[in-house]
Every structure is written in structure tokens, then in C-alpha cells.
Amino acid sequence: MQDIGDIVEIQLRIPLEDFRGRGYEEALIPPEAGAYAEIALEGLGVTVPFTLLGAVLAALVVGIPLYVASVRAAFESVDPHLEEVAWTLGTPPRRSFLKVTLPLALPGIAAGAILAFARALGEFGATVVLAGNVEGRTRTIALAVYTLLESPEGRQAIWLLVGASLALSAGALLGYEFLTRRQRGRMEWGR
């Protein structure tokens, strides 16, 4: 059990460290990370297959790489001299992070969350493996569309789900664009 915990820890820690392969977060958190987490949770007595937790875990595994990349970019876009100025004015490092760096990076952090949500919305493979396709419990929009495609009379109902999926995705994309433009404007204002 310790070995699996180490694997999960390494897979989640590597993207956060400064190393030469920086920017390849998508390749560092493999699809198997969900299986590792499932095995670890099963060892703790937590049931994952065919539960809402399985669907959430699948969405989390596919969304984390996009979120990490966006959060990293948000923090890297903050001018470090602003924190240094706060330090020279007597502000402790933790407080300068909370009062200077975090507010400047917040739109990028929120944009990353929106991007991860949009990615998780269309997830099919990891969800069907970890959570199954149980109607009323673990069926996502993508799984419902797949199920309806298998029946001739289901083709009419698909359009409602596709429309809902498009509306959610468009809303997420607009939110992402708004927040990234806001972040860019905040960064340019100080220059």
C-alpha cells in the first residue's frame, strides 16, 4: 500500500517542482493516476466503483493537468518585484503572498478551474472506467449521449443533452476568456 501512495505523491508533486521538463504537466499525470487513487481509496475502505466519488475522481484526474498549467502561468505572470517591494515595506513573506501575489494570480487560478471543469465535462473514458454508467448515479452528459446513441428512439433526446453540453462549454469558455483578459489587463496596468 505504501508503494501506491508513493506513486500518487510523485505523480502529483512532479508538476509543481521546478525542473527541465517544465510545461509537460499533461504527460506527467497519466490516466492511470485515477486507478492508483482508486486502489489507495479501496485500501482505506472507501468504495469508488459505481459511485459519485468515482465520477468526481475521474473528472479530477483529467482536469488537474490543465489546472496546474493555468495556475503555474498565473503565478509566473506576477512580477516578483511587487512582493519584494512589500517585503521592503515590512510585510512578512506570507502576508505579502496573501495580499499581493494571490490577488494578482486569482483570475488565472479561477480561469484554470473553469478550464479544468470544461475538460472534465466531456470526459468519457476515465468516467466509464472508474464510475461506470449507472443511470441516476454516475451517468454524465457524455455517457448519457453514448447510451442514447445506442437506441433508435434516443436520437431525439440527444439534442437536449448536446445543447446543454454546448451551453455549459460556451459559458465556461466565456468565463475563461473574461478571466484571462482581466488577468492580462491587471498585469499590463503595472508596467
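The values are calculated or read from the model by the stated rules, or taken from the named source; none is laboratory data. Please read these numbers as outputs of a predicted model, since none were measured by experiment. Ideal geometry is used to build each Cβ from the backbone, glycine not excepted, and the neighbour counts take in all protein chains shown.
For every residue, the table says whether it meets (1) buried (at least 17 other Cβ atoms within 10 Å of the Cβ); (2) farther than 30 Å from A157 by Cβ; (3) without any contact (Cβ under 8 Å) to a residue 40 or more places away in the chain.
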{"residue": "F50", "(1), (2), (3)": "no, no, no"}
{"residue": "A58", "(1), (2), (3)": "yes, no, no"}
{"residue": "V78", "(1), (2), (3)": "yes, yes, no"}
{"residue": "E135", "(1), (2), (3)": "no, no, yes"}
{"residue": "T140", "(1), (2), (3)": "yes, no, no"}
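A quick yes/no check of all residues on (1) modelled with pLDDT of 85 or more; (2) in contact with an Asp or Glu (Cβ under 7 Å, 6 or more places away or on another chain):
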site	(1), (2)
L143	yes, no
Y146	yes, no
G163	yes, no
L168	yes, no
T180	no, no
G190	no, yes
Determine whether segment 116-123 contains at least one residue that is touching an Asp or Glu at 6+ places or on another chain (Cβ under 7 Å), part of a loop (DSSP other than H, G, I, E, B) and either farther than 30 Å from R181 by Cβ or among the acidic types (D, E) (or both).
-> no
Please work out if G154 is modelled with pLDDT of 85 or more and either under 23 Å from Y176 (Cβ atoms) or surrounded by fewer than 19 Cβ atoms within 10 Å (Cβ to Cβ) (or both).
-> no
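Conditions tested, residue by residue: (1) loosely packed, with under 13 Cβ neighbours inside 10 Å; (2) under 23 Å from the mean Cα position of the chain (by Cα); (3) within 17 Å of R72 (Cα to Cα); (4) touching a residue at least 12 places away in the same chain (Cβ under 8 Å).
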| residue | (1), (2), (3), (4) |
| --- | --- |
| P92 | yes, no, no, no |
| P107 | no, yes, yes, yes |
| L115 | no, yes, yes, yes |
| R119 | no, yes, no, yes |
| A131 | no, yes, no, yes |
| L149 | yes, no, no, no |
| W159 | yes, no, no, no |
| G185 | yes, no, no, no |
Residue ID - farthest from V56 (Cα to Cα), chosen from residues in segment 137-177 that are assigned to a helix (DSSP H, G or I) and of a type in the set (S, T, Y) = Y176
